[in-house]
Amino acid sequence: MSTSAKLLLPALLGLYQLPVQAQWYETTGRAPIRQGDEATARAQATEDAVKRALLFAGVSVRSVQQVTDGLLTQESLQVESSGEVQNVQLVTETTRDGYFEVTIRADIEPAESVCPTLAYRKKLLITPFRLANPEQAIVGDLFNIGKVSGKVFSSKLEEVGHSSWPAAYNNPVDVTALSYLERKALQQQLGARYILTASIDDVSLGGSTGTNWTFWTDADRDRYYHLQVQVFDLAEERTVFSQKYQTTSVWTFRKSTDLDPSYHRFWETTYGQAAERILNAAAMDVEEAIRCEPLQAEVTQVKENQVLLNIGKAHGAQIGDTFKLVHRREVPDSFGRIQPLLAVTELTVRVTQLSSEAAWAESVDAKLLANIQAGDVAMPARLPVDEFGDPADTTED
C-alpha cells in the first residue's frame, strides 16, 4: 500500500517556528480490493488517508474513526467534538490496478504547539520480530511469519514515517539487559537513539467455526495473531512505547497446506489480511509515539568555531537549522553504574553544510568552541531564522 501527502500552505519544516494555526493538508490513501469488495476497500483507503493527514500535521489520530465515518456518508463535514480537525473534504476517489484510491483535503489546527523535533526524522532500529512459540507455526508452515512481519511493518512505517526513519538491525537484542556502555556503542555505531523490538506471541489455532467442511477436508478454524511492540530509548534507558495487538481470523486451509508468509499468497488470505491490518495499526502508533521524542545529534569533530554533527539530509536537517550545544559527561551513580550527565551550554550553532547523515555547523556569533569536544551533543534550538539573514545554500552531497 502506498500513499502520498502534501502540505497545501507553508512548508512542514517551518511549522514548529510559527504560531499554531489551521493548515490545509491533502493526502491520498490506497487499499487493495479483495474479492471485489469495493466498499471495504473504500473505507480502508479513507481511514488510511485521514490518519496520514493527521500524522503529517503532527496531531493525534484519535479522531480518525469519526472523520472516516463522516467522509463515507458525505463529501464534507465539520467535526465539532475535536479542536484539531476543523473541516474535511473528499477530493477524489477512484479504482486503479486492483486498488481503491481516496484523496482528501483536511483543515487541521493542532490543539497544542507542534513539537520542535517534528521536522526531523529520528532513526529507529528495527530488530527481527521474534516468534514466541515456533511449534504453533507447524500448521501452515508459518515459521517465517516473524521475519516477514518485521519487513511488512518496516515498509508501512516507511510510508507514514514523517518523524521516524526505520533502519533494519538484524541482530536480536534484549534491550533491558544492555549496559550503559553497550547502549552508547549502539548509538555511536549506528547513529540511532531508538530501537524497536517485537514478538508475535500467538499464531495458534482455535476452535472450529462454521460448517464449511466435509469428510475429505478439515474444518475451518479460528487462528490468532497476537503482536507485542516496544520502542526503547537507548540514551535515557526508558520505554517510549509499548503496546499489544490481538486479532482473530478464520483459517480455511487443511493442516497439510503450506502458506509460507514469504510469498504473496499468504497475505491475500483472510488471515494474512487481518495480520496486515494489525501491522498497519502498529506502524501508525509507533510513528505517533516517536514524532515528538527528543532528538540529539552527536558532535563527532570540533574545528575552531565549527562542529561536525551526525545528523544530515536523511534526518530532515536543512541549511540554517540551529542547535544548542550540550556537554555530555559520564558519572557513576550511587550503585557504581555509569550514567550520562547533560549540561546545556550557552553556545548555539547553525548548519552551513550538509551531507546525507552529517552536517557542519558553525557558532552563530563566531565564538571558538574550545570547551566542546567529540561526544557532546546538539539539540534543536528554536531561534528565528531572520536573526541570521538568508543562509546561502552550501549543501554538499
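Within the range 353-389, restricting attention to residues that are modelled with pLDDT under 80, in a loop (DSSP other than H, G, I, E, B) and of a type in the set (A, V, I, L, M, F, W, C), the residue that is surrounded by the fewest Cβ atoms within 10 Å (Cβ to Cβ) is 366.
All told, residue 341 falls short of being open to solvent by 70 Å² or more (accessible area, probe 1.4 Å), over 30 Å from residue 237 (Cα atoms), at pLDDT below 90 and of a type in the set (A, V, I, L, M). Looking only at residues in the range 277-301 that are of a type outside the set (A, V, I, L, M, F, W, C) and open to solvent by less than 40 Å² (accessible area, probe 1.4 Å), the one that is nearest to residue 149 (Cα to Cα) is 280.
Checking each residue in the range 211-238 for being modelled with pLDDT under 95 and of a type in the set (S, T, N, Q) picks out 211, 212, 214, 217. Taking every residue in the range 195-219 that is β-branched (Val, Ile, Thr) and pairing it with any residue that is modelled with pLDDT of 95 or more and open to solvent by 40 Å² or more (accessible area, probe 1.4 Å), at least 6 positions away or on another chain, the pairs with Cβ-Cβ distances below 6 Å are 197/230; 203/136.
For the range 35-47, a tally of residues being surrounded by 15 or more Cβ atoms within 10 Å (Cβ to Cβ) and not β-branched (Val, Ile, Thr) returns 6.
Counting residues in the range 133-153 that are of a type outside the set (Val, Ile, Thr), open to solvent by 30 Å² or more (accessible area, probe 1.4 Å) and touching a strand residue (DSSP E or B) at 6+ places or on another chain (Cβ under 6 Å) gives zero. Checked against the criterion of being touching a Lys or Arg at 6+ places or on another chain (Cβ under 8 Å) and either part of a helix (DSSP H, G or I) or at pLDDT below 90 (or both), the candidates 157, 118 yield just one match: 118. Reported count of residues in the range 338-365, each being small (Gly, Ala, Ser), in contact with a Ser or Thr (Cβ under 9 Å, 6 or more places away or on another chain) and closer than 15 Å to residue 318 by Cβ, is 4.
Residue 325 - would you say it is open to solvent by less than 40 Å² (accessible area, probe 1.4 Å) and assigned to a loop (DSSP other than H, G, I, E, B)? The answer is no for residue 325. Contact map, the range 123-134: first residue modelled with pLDDT under 95, second residue among the acidic types (Asp, Glu) and surrounded by fewer than 20 Cβ atoms within 10 Å (Cβ to Cβ), Cβ cut-off under 9 Å, separation 6 or more or different chains; pairs are 123/357.
The values are calculated or read from the model by the stated rules, or taken from the named source; none is laboratory data. In this text, all values refer to a predicted model and were calculated from it rather than measured experimentally. Note: ideal-geometry Cβ built from the backbone for every residue, glycine included; neighbour counts use all protein chains shown. Quick note on the areas: whole protein, heavy atoms, side chains included, nothing else; ligands and nucleic acids left out. Shrake-Rupley method; radii C 1.70, N 1.55, O 1.52, S 1.80 Å.
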